[in-house]
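First up is the structure itself, then whatever we jot down about it.
Please treat every number below as a calculation from the coordinates, not as lab data. Note that the coordinates shown come from a computational prediction; the quantities given were computed from them, not determined experimentally. We place every Cβ from the backbone using ideal geometry, glycine too, and count neighbours over all the protein chains shown.
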Amino acid sequence: MSRVLIAGCGYVGQATADLFHVAGWELEGWVSSPESAAKLSGKPYPVIPVDLAHRDQVNARPENFDAVILCASTHGGEADVYRRIYLNGARNLLDRFVGSTVAFTSSTSVYGQKDGSWVTEESETEPMRETGRIVLETEKLVLGGGGIVARLAGIYGPGRSAVLTKFLAGEASVDPENDRFINQVHRDDIAAALFLLLDRHSSPRQIYNVVDDQPILQSECYRWLAGKLNRPLPSIGKAPSQRKRGESNKRVSNAKLRGLGWRPRYPTFAEAMEKSILAGFRQGGA
């Protein structure tokens with residue numbers, strides 16, 4: 001039976017671990033603290049606290065795995081947190097689990113295009129922030145170790161949507177002179193993509209964009225939400241100078257991943273909102 005380590009059993013990691021478990025894989029989940037592990041004590045697989053950046057803790061684990069997924073969260077931290085969790089964590093995992101296929105959940109923020117153009121895995125990567133440059137450095141480390149990189153678009157799903165949260169809080173605004181495309185992907189579609197890449201032993205040293213089928217302009221997101229929820233449109237104003245994913249404006253293609261047979265369960269913003277996300281927010285799930 002195949003064995004997988006979920007190094008970062010958080011929002012995406014739990015959904016991924018659950019999917020591998022249902023498929024019959026043996027697995028272990030790692031979290032950053034004993035408190036987080038205690039919250040997941042009811043899972044049908046072990047979840048233990050391990051600091052990925054602490055080499056001794058990683059090396060102390062006696063188990064071996066066929067696959068290792070690095071999907072830990074930085075929780076919006078600054079560059080030092082990114083370096084510690086991603087770069088140092090990836091290095092420790094690669095050194096400890098030699099022979100395992102390591103998959104790293106990277107970010108489409110490594111693409112810095114500003115002209116709304118379509119980008120693929122072959123497109124130029126010029127992150128505008130130091131955090132993005134650290135992510136790209138981690139990618140190179142994982143690929144150099146024969147691993148797989150999954151570049152995730154903006155993550156949303158049950159109880160989580162940055163666009164919806166800002167809209168409901170009245171913090172959203174539309175800048176007609178600086179409208180931009182938003183690339184998103186549902187948590188469950190990420191889990192399905194990771195399972196596909198590792199279950200079918202995808203070619204190593206490959207990069208895959210994990211994003212839904214339809215990039216959507218930010219203004220269109222807010223217009224759809226306003227109509228659906230019978231609320232006024234956001235105010236017109238200058239866009240904030242600092243965004244989590246920088247000032248990029250691009251449309252990310254998922255053609256390469258779809259070529260392997262992956263099909264998103266939630267292919268568009270509207271379908272994800274209707275089928276998965278809005279109900280949770282209405283019930284106080286955010």
*Round to a whole angstrom and tell me the spacing of the C-alpha centers of region 254-268 and region 36-66.*
31 Å
*Residue-by-residue Karplus 3J(HN,Hα) for region 82-92, coefficients 6.51, -1.76, 1.60, Hz, glycine and proline x*: 4, 5, 5, 7, 7, 5, 5, x, 5, 4, 5
*Pairs Lys166/Lys250; Lys39/Lys228; Lys250/Lys275; Lys114/Lys166; Lys228/Lys250; Lys39/Lys114: which exceed 31 Å Cα-Cα?*
Lys39/Lys228; Lys39/Lys114
*What is the set of long-range amide H partners of Leu27 at a cut-off below 5 Å, with H atoms built 1.01 Å from backbone N?*
Val4
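Under the rule a/c < 1.5 gives rounded, and otherwise a/b versus b/c splits prolate from oblate, where does the chain land using the Cα gyration tensor? Kindly include the intermediate steps, with their values, before the conclusion.
Details: a/c = 1.75, a/b = 1.51, b/c = 1.16.
Note, shape of the chain comes out prolate.
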*Among Trp30, Trp224, which comes first, second and so on when ranked by fewest other beta-carbon atoms within 10 Å?*
Trp224, Trp30
*For the Cα atoms of the chain, what angle does the longest principal axis make with the long axis of helix 11-22, in degrees from 0 to 90, nearest 10?*
50 degrees
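With contacts defined as alpha carbon pairs under 8 Å and 6 or more residues apart, what's the relative contact order of the chain in percent?
Values: 527 pairs, mean separation 54.1, N = 286.
Answer for the chain is 19 percent.
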*Mean shadow area of region 49-117 over all directions, Cα convex hull, nm²*: 6.0 nm²
_Which one, Gly227, Ala270, Cys9, projects farthest toward the positive side of the charge dipole computed for the chain from Cβ point charges (K/R +1, D/E -1)?_
Gly227
*To the nearest µm²/s, what D does Stokes-Einstein give for region 1-73 at 20 °C and 1.002 mPa s, using the Kirkwood radius over alpha carbon pairs as Rh?*
177 µm²/s
*For the Cα atoms of the chain, what angle does the longest principal axis make with the long axis of helix 187-199, in degrees from 0 to 90, nearest 10?*
40 degrees
*Enter the angle in degrees (range 0 to 90, nearest 10) between the Cα long axis of helix 130-144 and the first principal axis of the Cα atoms of the chain, meaning the one along which they spread out most.*
40 degrees
*Cut-off under 5 Å, modelled amide H: who pairs with Gln206 long-range*: Val149
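When a footprinting reagent is the concern and you count Cβ atoms within 10 Å, what order do Val81, Val135 take, fewest first? Mind showing how you got there, number by number?
Values: Val81 16, Val135 24.
The most exposed by this proxy come first: Val81, Val135.
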